[in-house]
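First the structure, in the form of structure tokens, and then the observations on it.
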Amino acid sequence: MRLPTLRQLQYFLAVADSLSFSRAAENCHITQPSLSLALNELEETLGAKLFHRGTRKIELSEIGKDLLPRARSIIEQSENFVHQAARHRAPLTGPLSLGIIPTIAPYLLPHLLPALQMSYPLLDLRLKEDVTARQMDALKAGQIDVVLMALPYDTPHMEQMRLWKEPFFLARAGDQLSCQEQIALDDLQNETILLLDDGHCLRDHILSACRLAATRGHRKTLGATSLQTLIQMVQNGYGSTLLPSMAIDPQHIPKGVTIQRFANPQPTRQIGLVWRKDDPRRAEFELLGKFIIQIAAKK
């Protein structure tokens, strides 16, 4: 019996996930004709068409939809087969793809990367910075191994390791870098609060932790995709915003922005690692989590 190759199944998944031969070829680092040829061979092996190829769009056929979860499971089990063997080598060596969200990456990576390089020189770390929803899609598809992100966030069929709780601070226009006077959550009702664009989990964490309604007139959702853009808006008098404590650093806070601490109970978010439940590298991910905790504590 002629069997599909793992490479053909990987190409099938890449096209199924992107519904684009060109994007799938780019993601797989091959030419589009090579990918199309491999998929044609796969369809010949199966005796069925996996896709409906229209002039404007590509869709999975009925058998393609039926075989998709099986193909994903085969690839996942093959990857776990390799990872299981890797457990016999030293921890945090070899390739590891780490997803990280934009509201953590610029503040933690400058401290984490050199420390990892020094302590684990054989670790081949591959970074992917993106918003949480796309990180979860990539994790589910096996494109990344583990995600450093903010919680709470619904992660079905995933395992979470909570690392530390991080308080929020209020950033408002003013001349002092730090204001000793504390602010209460109820005081935010009188503030124009600037928020990141939809898709950033920090936006939802702020609304939840501070008991704010997204539709109220004093909430402004900007097209901003970074905290630095929000800080510039605050500096120029467009409103106030909330920043996680890792972003409270003199090199990130310009003149004209005052930082205020909240009185108890302080609004917080949780920093954590998330990985697929059946990944045999759980002990390695936990080791990475403990290492990240140590580095964050030294910041």
task = Hey, can you tell me all the residues within region 269-299 that are under 19 Å from P106 (Cα atoms) and crowded, with 16+ Cβ neighbours inside 10 Å?
result = R269, Q270, I271, G272, L273, L288, G289, F291, I292, I295, A296
Selection within region 163-206 - of a type in the set (A, V, I, L, M, F, W, C), part of a loop (DSSP other than H, G, I, E, B) and modelled with pLDDT under 80 = L177
note = If we keep only residues of region 38-57 that are at pLDDT 90 or above and polar (S, T, N, Q), then the residue surrounded by the most Cβ atoms within 10 Å (Cβ to Cβ) is T45
query = Only one of these conditions is not met by D124: (1) among the charged types (D, E, K, R); (2) surrounded by 15 or more Cβ atoms within 10 Å (Cβ to Cβ); (3) not in a helix (DSSP H, G or I). Which number is it?
reply = (2)
ask   = Scanning region 103-121 for residues that are outside any helix (DSSP H, G or I) and in contact with a Leu (Cβ under 8 Å, 6 or more places away or on another chain), which turns out farthest from T229 (Cα to Cα)?
value = Y120
request  = Being open to solvent by 50 Å² or more (accessible area, probe 1.4 Å) and among the charged types (D, E, K, R) is the filter; apply it to region 127-164 and report the residue that is nearest to I293 (Cα to Cα).
outcome  = R162
key: Scope region 131-177; condition under 13 Å from the mean Cα position of the chain (by Cα) and among the small types (G, A, S); matching residues   = A133, A138, A150
query = Which condition breaks for M118 when tested against (1) among the aliphatic types (A, V, I, L, M); (2) over 21 Å from D278 (Cβ atoms); (3) touching a residue at least 24 places away in the same chain (Cβ under 8 Å); (4) open to solvent by 20 Å² or more (accessible area, probe 1.4 Å)?
reply = (3)
message = Can you say whether P254 is touching a Leu at 6+ places or on another chain (Cβ under 8 Å) and open to solvent by 10 Å² or more (accessible area, probe 1.4 Å), as far as the supplied structure shows?
response = no
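The values are calculated or read from the model by the stated rules, or taken from the named source; none is laboratory data. Because the structure is a prediction, the values reported are computed rather than measured. Every residue, glycine as well, gets a Cβ built from its backbone with ideal geometry; the counts of neighbours run over all protein chains shown. In case anyone asks, the SASA skips ligands and DNA or RNA and just uses the protein heavy atoms, side chains included. Shrake-Rupley method; radii C 1.70, N 1.55, O 1.52, S 1.80 Å.
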